[in-house]
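Here is the structure we will look at.
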Amino acid sequence: MATEQETERGRFTITQSQRDRIARFVRKFRSNTKAMLGFSIVVLLVLVAIFAPIIAPYPIDATNIEDRSQAPSVEHPFGTDDLGRDIFSRVVMGSRISLYVGFGAISGALAVGAVVGVVAGYAGGLTDEILMRVMDAAMAFPPVLLALTLLVVLGPELSNVVIALAFVYTPYIARVSRSAALAERNEAYVEAAVARGESDSRIVFSEVFPNCMAPMLVQGSLNVSFAILAEASLSFLGLGAQPPRPSWGLMINTGRGFMETAPWMLLFPALAIGIAVVGFNMLGDGLRDVLDPKVEAIE
Amino acid sequence: MSMYNYVFRRVGFMAVTLFFVTLIAFAVTNILPGDVALLILGPNATEQSLEALQTQLGLNRPLYVQYIDWVVGLLQGNMGESLRFGEPVAQLIAERLPRSMMLAVAATLVAVVLSVPLGVYAAVNQNEAPDVSASMFAFVGISMPIFLWGLVFILVFAVWLNLFPTGGYVSPSEDLVGSLTRLVLPAGAMGFALTAYIMRMTRSSMLEVLSEEYINLARAKGMSQRVIVLRHALKNAIIPVITVIAFQFSYAFGGVVVLEEVFFWPGIGRLTLTAIQSRDIPLIQGCILVVALIYMFSNFAADLLYAYFDPRIRYGGDD
């Protein structure tokens with residue numbers, strides 16, 4: 001009886017402390033300028049992507065040879081490209097591609113990487129060795145080169161970019177999750193769960209996993225910005241999104257041929273990439289400040 | 001764990017990683033859509049000639065035999081022959097690799113020259129205007145992909161200001177000045193993008209050292225700020241910075257694939273792209289392998305440096 005009461009009380013304190021932790025997190029997050037700024041940029045981007053068809057004044061493929069390579073004006077705030085298409089509309093619609101690849105690839109990487117990392121960290125021993133050596137091998141390739149190689153096999157297409165980048169960023173998530181799981185493994189609540197006779201998989205997925213979420217989220221949000229950069233690089237090289245899709249990287253690839261006569265073709269998509277990357281970087285950095293007590297202590 | 005044990009363990013890990021890397025390079029190019037024999041002979045080849053070539057190239061042997069054969073060849077320095085160039089892959093790579101190295105080294109140099117003084121300056125003026133602007137400068141650098149900085153640099157310094165050529169490569173032994181003027185923009189663009197991490201590390205390392213007891217002692221003895229910062233603090237603060245620089249070099253090398261395309265720099269990055277575009281399988285394999293190897297070894301060297309300078313890494317074990 002006594003033990004059961006204790007467990008009950010133990011569970012109650014956990015939920016209470018969790019509630020406190022969430023409240024503290026929200027408070028700290030809101031007082032962190034970097035986190036809030038990054039968060040605002042990301043929210044803005046998501047809104048632009050959702051309402052893109054309403055915001056964009058012209059269809060993305062509306063060519064108009066008479067209006068080609070026009071400098072920015074009231075009708076075309078970002079100018080027009082070599083086919084007379086409105087660059088503002090294309091940049092706005094392009095946000096969908098960047099966010100699709102960024103979120104898509106990192107969700108995939110999180111799904112696989114988190115499981116691999118937490119299992120490796122919790123199990124230790126041979127399982128840990130094998131899983132992490134495989135992850136090391138994937139990390140031995142420069143990210144863009146690995147993605148490029150995978151795209152050669154999968155074929156140059158946007159959905160394949162998502163798959164390739166998910167693969168590329170999985171080991172980064174796995175590493176972070178593993179060290180988080182290692183730290184959690186020796187915590188009292190795990191010992192308690194073992195003593196209660198809970199199965200390993202239950203302990204891993206319903207006890208250890210939720211406590212490893214913080215570093216995964218930080219790494220994930222930083223990796224979204226890497227994935228957005230990588231998509232731009234791959235599309236620039238002609239192995240990512242294919243024309244006439246308004247991918248920012250692809251627009252830059254076209255714009256580079258008109259650098260002297262129509263620099264806006266290159267500058268606006270470049271600016272869009274910069275804003276997206278800064279947003280996710282700041283959010284990730286800010287999240288790290290908020291979630292990691294060590295960083296707070298140093299600063 | 002002693003340093004020797006640590007190195008030993010790491011070399012062991014690397015051997016395993018190396019095995020996986022060759023496996024990936026081999027697998028990727030062997031599940032490529034399209035048969036090598038068909039690629040060589042073209043779509044109009046007869047069934048017979050295809051079969052003959054497949055036998056000649058050993059393509060109808062089991063995959064593991066082909067893999068072992070390939071690895072044995074690699075160990076003897078034989079990477080096969082490029083389908084597109086009709087030359088040995090090893091020779092093609094040997095010709096272009098030094099150019100990529102030149103670019104990566106120059107970029108790392110630019111990054112060091114920019115970031116170390118900036119980091120020191122930021123640390124000395126902690127939380128004041130110079131610190132904030134140095135952080136901003138570094139933040140701008142990492143906010144855009146390297147290839148974009150390349151294009152922006154071309155636009156500003158080559159197209160608008162007409163200071164440097166827009167791209168291309170000249171061998172330094174033929175025309176040193178021409179070679180260096182073509183190196184400035186790509187190395188500058190990449191160096192700028194690498195600045196942030198080295199600067200951050202210099203700054204935080206300097207801040208840590210500047211708060212040490214002996215610095216206060218030096219101040220109390222009346223030493224000038226300049227002597228304290230440059231002679232005493234920097235010497236001790238630079239150690240972790242060196243390891244970050246080593247990591248950044250491997251990062252720079254990984255980035256040349258895209259940067260070379262921007263600047264028409266005929267290094268291993270562009271060779272990889274050409275190989276991919278022309279589905280030149282032996283060349284793709286060779287390029288992937290060599291780039292991965294160099295990336296891996298420079299990361300390994302950085303790891304060793306890190307462990308050497310920071311005993312906590314070793315004694316704390318892997319956990």
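The values are calculated or read from the model by the stated rules, or taken from the named source; none is laboratory data. Being a predicted model, the structure only gives us computed values, none of them experimental. Note that we place each Cβ from the backbone using ideal geometry, even for glycine, and neighbour counts take in every protein chain shown. Accessible surface is based on the protein model in full, side chains and every heavy atom, while ligands, DNA and RNA are left aside. Shrake-Rupley method; radii C 1.70, N 1.55, O 1.52, S 1.80 Å.
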Exercise. Output the residues of the range B:102-151 meeting this criterion: accessible area (heavy atoms, 1.4 Å probe) in the chain alone minus accessible area with all protein chains in place is 40 Å² or greater.
Key: B:F139, B:S143, B:P145, B:F147, B:L148, B:L151
Quiz item: In Å², what does the accessible area per residue of the range B:157-200 work out to with a 1.4 Å probe?
Solution: 46
Exercise. Order A:F226, B:F139, most accessible first, counting only protein heavy atoms with a 1.4 angstrom probe.
Key: A:F226, B:F139
Quiz prompt | Cα gyration tensor shape of the range B:153-203, rounded if a/c is under 1.5, else prolate or oblate by comparing a/b with b/c | solution = oblate
Exercise. For the range B:200-273, take the alpha-carbon Rg, divide it by the Kirkwood Rh, and send me Rg/Rh.
Key: 1.32
Practice problem: Given the peptides A:57-66, A:38-47, arrange them by the average over their residues of other C-beta atoms within 10 Å, most packed first. | Solution: A:38-47, A:57-66
Practice problem: Give me the percent of the accessible area of chain A that comes from carbon and sulfur atoms, probe 1.4 Å, all protein chains in place. | Solution: 63
Exercise. Please give the per residue accessible area of the range B:67-107, computed with a probe of 1.4 Å over protein heavy atoms only, in Å².
Key: 52
Quiz item: In debye, nearest 20: dipole of the protein assembly as shown around its Cα centre with unit charges on the Cβ of K, R (+) and D, E (-)?
Solution: 1280
Quiz item: Does the range A:201-298 come out rounded, prolate or oblate, given a ≥ b ≥ c as the square roots of the eigenvalues of its C-alpha gyration tensor, rounded meaning a/c under 1.5 and, failing that, prolate meaning a/b above b/c?
Solution: oblate
Quiz item: How do A:E207, A:E129 stack up against each other in accessible area, from largest to smallest, with a 1.4 angstrom probe?
Solution: A:E129, A:E207
Quiz item: Mind ordering B:172-182, B:276-286, A:245-255 by average Cβ neighbours within 10 Å, highest first?
Solution: A:245-255, B:276-286, B:172-182
Self-check item: Positive-end extreme of charge dipole, the protein assembly as shown - chosen from B:V72, A:S40, B:A218 (charges on Cβ)
Solution: B:A218
Quiz item: Total Å² of accessible surface buried at the A-B contact, 1.4 Å probe, nearest 100?
Solution: 3700
Practice problem: Return the calculated 222 nm mean residue ellipticity for chain B, to the nearest 500 deg cm²/dmol, obtained by summing -39500 (n - 2.57) across DSSP H runs with n ≥ 4 and dividing by the residue count. | Solution: -24500 deg cm²/dmol
Quiz item: What does the range B:182-223 give for Rg and for Dmax, in Å, if only its C-alpha atoms count?
Solution: 16.9, 50
Quiz item: Comparing the chain by itself with all protein chains present, which residues of the range B:282-310 are at least 20 Å² less accessible (probe 1.4 Å)?
Solution: B:I288, B:V291, B:A292, B:Y295
Self-check item: Accessible area per residue in Å² at 1.4 Å probe, computed on the range A:43-298
Solution: 40
Exercise. Could you give the size of the charge dipole of the range B:93-314 about its Cα centre, using +1 on the Cβ of each K and R and -1 on the Cβ of each D and E, expressed in debye and rounded to the nearest 20?
Key: 360
Quiz prompt | Dimensionless Rg ratio for the range A:43-298, taking C-alpha atoms and the 2.2 N^0.38 Å reference | solution = 1.20
Exercise. Go through the range B:216-263 and flag every residue whose accessible area shrinks by 50 Å² or more with all protein chains in place compared to the isolated chain (probe 1.4 Å).
Key: B:V258
Exercise. Estimate the FRET efficiency between A:V153 and B:S171 by the formula 1/(1 + (r/R0)^6), using the beta-carbon distance for r and 35 Å for R0, to the nearest 0.05.
Key: 0.50
Quiz item: Using a 1.4 Å probe on the protein chains only, how many percent of the accessible area of the range B:3-75 belongs to carbon and sulfur?
Solution: 67
Exercise. Take the solvent-accessible surface of the protein heavy atoms, probe 1.4 Å, and return the percent of it on the range B:93-314 that carbon and sulfur atoms account for.
Key: 65
Exercise. Summarise the partner chain shielding of A:247-253 as one whole number: the mean count of Cβ atoms from other chains within 10 Å of each residue's Cβ.
Key: 2
Practice problem: Taking every Cα atom in chain B, find the radius of gyration and the maximum pairwise distance Dmax, and write them in Å. | Solution: 24.3, 89
Quiz prompt | Overall Cα dimensions of the protein assembly as shown, principal axis frame, Å, largest first | solution = 83, 61, 59
Quiz prompt | the range A:154-206 and the range B:245-271: distance between their alpha carbon centers, rounded to Å | solution = 32
Quiz item: What 222 nm value per residue comes from the helices of chain A, counting each DSSP H run with n ≥ 4 as -39,500 (n - 2.57) and dividing by all residues, nearest 500 deg cm²/dmol?
Solution: -24500 deg cm²/dmol
